[in-house]
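Just so it is clear, none of the values below were taken in a lab; they were calculated from the coordinates. Everything numeric in this text was worked out from a predicted model, so none of it was measured. Counting neighbours? That spans all protein chains shown, and the Cβs are built from the backbone with ideal geometry, glycine included.
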């Protein structure tokens, strides 16, 4: 731990203060779990983040009945598959693809480290051992967005933690792509998507400026302009503009009213 001498205690969200020794001992356990699963190297890596490109990816995301996420970014076609994610992130493309075969009571017992648990109890982060809380905060917010609230843990989160603690292989590449397809128009984990998009664009020899503000595609490079409006993003005077303080109903009404604009724009396309 490089920062041992710089802190004596730390909080996990709004909970009790943990001593440095307690935190470090639990981090050691977590690091062992992550290294065993093959995820530790990615979590510790750093890369350029382009939230704007992620928004474009989601805005142009196509519907799919297979585990392939197809979209466009800056006019470039992108297909994200489990194999591509596994190669890009350096994590295995193998393991379980759902948690249906894992019982909630079994997962609760593993997470809480108790033989007898109430399967109907609402589990908050304060119920979980420290190492499990770290896994929940670190892994699910890096690979898969945390479900439920910041305090309550969903059934999927509990089963996820139980698999990590048990060493049960989890097919993260499959789960990530499946989540992308099932929940479009969400910018849920820009770190993950940005890295994948950057690697793909780099392989196509497309130059992305270091200054993201200079990334200003024209409207003819887009596919789903209505999708952008639903993300509160509009194209005005050659620039992308993020609309502030607009409710969902207002944005939906605007998209419906201006839906005819797309037909007019398409007539101008060569």
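Table for the structure above
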quantity: Overall dimensions of the range 104-168 as given by Cα atoms, namely Rg and Dmax in Å; calculated: 10.6, 31
quantity: Estimated inter-spin distance, residue 101 and residue 114, nm [label 7 Å along Cα→Cβ]; calculated: 2.8 nm
quantity: Per-peptide average of other Cβ atoms within 10 Å, ordering 92-103, 58-69 highest first; calculated: 58-69, 92-103
quantity: Mean Cβ neighbour count within 10 Å, used as a protection proxy, ranking 119-126, 29-36 highest first; calculated: 29-36, 119-126
